[in-house]
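Contents: one structure, followed by commentary.
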Amino acid sequence: MPVDYEVNAHEYWNNFYKIHENGFFKDRHWLFTEFPELTPRHNQSNLKSLLLKDSGHEIIEHRGCGLIVSNTQEQQKTSSHSLNHKEQKHPIDEATQNLCHLDINTDGFPGSSATYRILEVGCGVGNTVFPILHTNNDPGLFVYCCDFSATAIDLVQTNSEYDPSRCFAFVHDLCDEDKSYPMPKESLDIIILIFVLSSIVPDKMQNAVSRLSYLLKPGGMILLRDYGRYDMAQLRFKTVSFSGRCLSENFYVRGDGTRVYFFTQDELDTLFTTAGLEKVQNMVDHRLQVNRGKQLTMYRVWIQCKYRKPFSPNTG
């Protein structure tokens, strides 16, 4: 693999955002259909938490821990939620207290007083963050967003919709194991990865996912949408005109120097389960997109995943 694409990766992404600024991507309002965990109704204090005791027979209802919602439809959708810590506590047994205990420092980090925390990694210019802030008016919500590109973060922070009381944007390299995140372990309810994991070197993906898992509360989830194997973009790389752009198996470099990997479901499942997470959803989304202006038909293959950090007495 050419060293230049790894060493100067931040320059390629900075140049990308300098050229396109905030005109390249559209706001992702589809988020709330695919990921209802991001909507206000999923983290209001009137929702109850359902936890199964170790026996697997008795259901415990408790307000201070979180929410798991599941159904028996084709795609199981499960949400985890942190509720207002100022609520009056209800008596629960010692086992449940152990499940709900979070050993975090609630002082000295942005959003420390929030009751529901979301982090988007690879936020770009805010096409996910700003729709979340517009849609979710929960006063306890705080959204973190980071990107590899300093130019992208500048565009987020200078956006008229950026509100430091509800959001914190920062530059971060997902692969830098020596650079810590600005929030403590087990402090996040949701982590969003949208077309970002595919942009890093495959050998570094596992450590990146494992570090993110460390930030999740028990019951917290990673929500992912990314490129699937044999997506139209990958098939284009295999044509003669795009030959020479393959860096390694299923990993390519675009004309602007940014890189992209094309996943299988099993590969993503291995990454998340190795990080200690349990599968809630792992599905392939086949889409036929038509660009009427250019008279193009595009066959898209995306993978959508939801993986949850399990409730366990050993968590924390």
Report task. Being crowded, with 21+ Cβ neighbours inside 10 Å and basic (Lys, Arg) is the filter here, so list the residues in segment 202-224 that pass it. Result -> Lys217
Report summary line: Within segment 301-316, restricting to residues that are more than 21 Å from the chain's Cα centre (by Cα) and of a type outside the set (Gly, Ala, Ser), the one that is modelled with the lowest pLDDT is Asn314
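Here is a yes/no grid of residues against (1) of a type outside the set (D, E, K, R); (2) at pLDDT 85 or above:
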| residue | (1), (2) |
| --- | --- |
| Thr239 | yes, no |
| Glu249 | no, yes |
| Tyr261 | yes, yes |
| Glu267 | no, yes |
| Thr270 | yes, yes |
Report summary line: Asp189 meets each of (1) buried (at least 21 other Cβ atoms within 10 Å of the Cβ); (2) charged (D, E, K, R); (3) part of a loop (DSSP other than H, G, I, E, B) with one exception, condition (3)
Requested in this report: Return yes or no: is Phe168 at negative phi and touching a helix residue (DSSP H, G or I) at 6+ places or on another chain (Cβ under 6 Å)?
Outcome: no
Requested in this report: For Asp266, work out the one condition from (1) surrounded by fewer than 16 Cβ atoms within 10 Å (Cβ to Cβ); (2) within 13 Å of Tyr227 (Cα to Cα); (3) under 20 Å from the mean Cα position of the chain (by Cα) it doesn't fulfil.
Outcome: (2)
Query raised in the report: When the residues of segment 97-132 are filtered to those that are touching a strand residue (DSSP E or B) at 6+ places or on another chain (Cβ under 7 Å), modelled with pLDDT of 90 or more and in a helix (DSSP H, G or I), which remaining residue is surrounded by the fewest Cβ atoms within 10 Å (Cβ to Cβ)?
Result: Ile132
Query raised in the report: assigned to a loop (DSSP other than H, G, I, E, B) and either over 16 Å from His29 (Cβ atoms) or among the charged types (D, E, K, R) (or both): does that describe Asp163?
Result: yes
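Please verify whether Phe170 is surrounded by fewer than 21 Cβ atoms within 10 Å (Cβ to Cβ) and closer than 25 Å to Asp226 by Cα, treating the condition exactly as stated.
Yes; evaluated as a whole, the condition is true for this residue.
Quick one: which residue in Phe168, Phe142 is outside any helix (DSSP H, G or I) and either basic (Lys, Arg) or within 15 Å of the chain's Cα centre (by Cα) (or both)?
Working: Phe168 fails: either basic (Lys, Arg) or within 15 Å of the chain's Cα centre (by Cα) (or both).
After ruling out the rest, the residue left standing is Phe142.
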Report task. Just need a number here: residues in segment 173-186 that are surrounded by fewer than 16 Cβ atoms within 10 Å (Cβ to Cβ) and free of Cβ contacts under 8 Å to residues at least 60 places away in the same chain. Result -> 5
Report summary line: Those helices (runs of 4 or more DSSP H) completely within segment 197-304 that have 3 or more residues that are under 28 Å from Leu38 (Cα atoms) and not basic (Lys, Arg) are 205-215, 265-274
Report summary line: All conditions in (1) within 16 Å of the chain's Cα centre (by Cα); (2) buried (at least 23 other Cβ atoms within 10 Å of the Cβ); (3) closer than 24 Å to Trp302 by Cβ are true of Ser149 except (1)
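The values are calculated or read from the model by the stated rules, or taken from the named source; none is laboratory data. Worth saying up front: this structure is predicted, and the values here are computed from it rather than measured. Using ideal geometry, Cβ is built from the backbone for each residue, glycine included, and neighbour counts are taken over all protein chains shown.
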